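Asks: A single structure is presented below for examination.
Bear in mind that the values in this text are calculations on the coordinates, not laboratory data. Only a predicted model underlies this, so the values are computations on that prediction, with no experimental measurement involved. FYI the Cβ positions are ideal-geometry reconstructions off the backbone, even for glycines, and counts take in every protein chain you see.
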Amino acid sequence: MGPHNSYQKFFHSYIVYPNTTFESQMEDEKLVLLVRQHPVTQLPWIITAIVLFIVPLFANIFVSELLSVRQILFANFFWYCLVFTYIFMNGLYWLFNVGLVTNKRALDVDYTNILFRDVSGTSIEDITDATAKTGGFLRALFQYGDVFVQTPGTLQNIEFLRIPLPDDAVAIINELMEEANA
């Protein structure tokens, strides 16, 4: 790859040459690309959280004659604990579900819940094709899509879903494939 200037876009959801390491990184392995879902794809849960945050303000008006102040405060406290847990968990899922491309391999790290992690990986030499797919108005407007990395036979295929600049990610993977096969 060319010069190693690190840069990030879209609230750190697309980082080229990030200045970081990861758990299973080999000594001579350099992280070239770190991707996570485009921030605009997080809007549904963010809007839901805002609505959930506002609900008690209106609900308090209707239950104020039925419940004591202490009961309302307890219900509100419990409700907001649930809302903050919802926000925290969704933020963690966005932050830790990443795609990594190094000079040696491609990795897809997915957390299905807070206790279970699925890491799929393949070496750059085993990659047969990298494809970017975008479709739809929002994907075109906000420049995000899916990247599919195919491997031969029964080897693990890698998917980077709803990431920013999928064409640029494919170009980086293709360049690494050319260097590995040279």
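Asks: Once you put a point 7 Å from the Cα of His12 and another 7 Å from the Cα of Thr128, both along the Cβ direction, what distance in nm separates them?
Replies: So the label points at His12 and Thr128 sit 3.7 nm apart.
Asks: Further, regarding this structure: Just from its helices, what would the mean residue ellipticity at 222 nm be for the chain, if runs of 4 or more DSSP H residues each count -39500 (n - 2.57) and the sum is divided by every residue, rounded to the nearest 500 deg cm²/dmol?
Replies: -13000 deg cm²/dmol
Asks: For a Förster distance of 30 Å, can you work out the FRET efficiency between the beta-carbons of Asp167 and Asn5, rounded to the nearest 0.05?
Replies: 0.95
Asks: Tell me, what is the FRET efficiency for Glu159 and Ile47 to the nearest 0.05, using R0 = 25 angstrom and their Cβ-Cβ distance as r?
Replies: 0.45
Asks: Among Val83, Gly153, Pro166, whose Cα sits farthest toward the positive end of the charge dipole of the chain (+1 at Cβ of Lys/Arg, -1 at Cβ of Asp/Glu, about the Cα centre)?
Replies: Val83
Asks: Dipole of the chain, Cα-centred, from +1 at each Lys and Arg C-beta and -1 at each Asp and Glu C-beta, to the nearest 20 debye?
Replies: Result for the chain is approximately 880 debye, rounded to the nearest 20.
Asks: Which value in nm describes the separation of the simple spin-label points at Leu73 and Ser24, placed 7 Å from the Cα toward the beta carbon?
Replies: 5.1
Asks: Using DSSP H assignments, which helices in the chain have an axial alpha-carbon span of 20 Å or above and a mean Kyte-Doolittle hydropathy of 1.6 or higher?
Replies: 43-63
Asks: The range 106-144 to the range 50-98: how many Å between their Cα centroids?
Replies: 33
Asks: While we're looking at this one, here's another question. Order these peptides, 161-172, 107-118, by their mean beta-carbon neighbour count within 10 angstrom, highest first.
Replies: 161-172, 107-118
Asks: Please state, as a whole number in µm²/s, the translational diffusion coefficient that the Stokes-Einstein equation yields for the chain at 25 °C and 0.890 mPa s, with Rh defined as the Kirkwood radius across alpha carbon pairs.
Replies: The calculation lands on 131 µm²/s.
Asks: Here's another thing I want to ask about it. Once you order the gyration tensor axes a ≥ b ≥ c over the Cα atoms, which shape class does the range 43-91 get: rounded for a/c under 1.5, otherwise prolate or oblate by comparing a/b with b/c?
Replies: It comes out oblate by the Cα gyration axes.
Asks: If you keep only loop residues by DSSP, which GluC sites (Glu not before Pro) in the range 9-98 have at most 13 other Cβ atoms within 10 Å of their Cβ?
Replies: Within the range 9-98, the qualifying GluC sites (Glu not before Pro) (loop, at most 13 other Cβ atoms within 10 Å) are Glu23, Glu27, Glu65.
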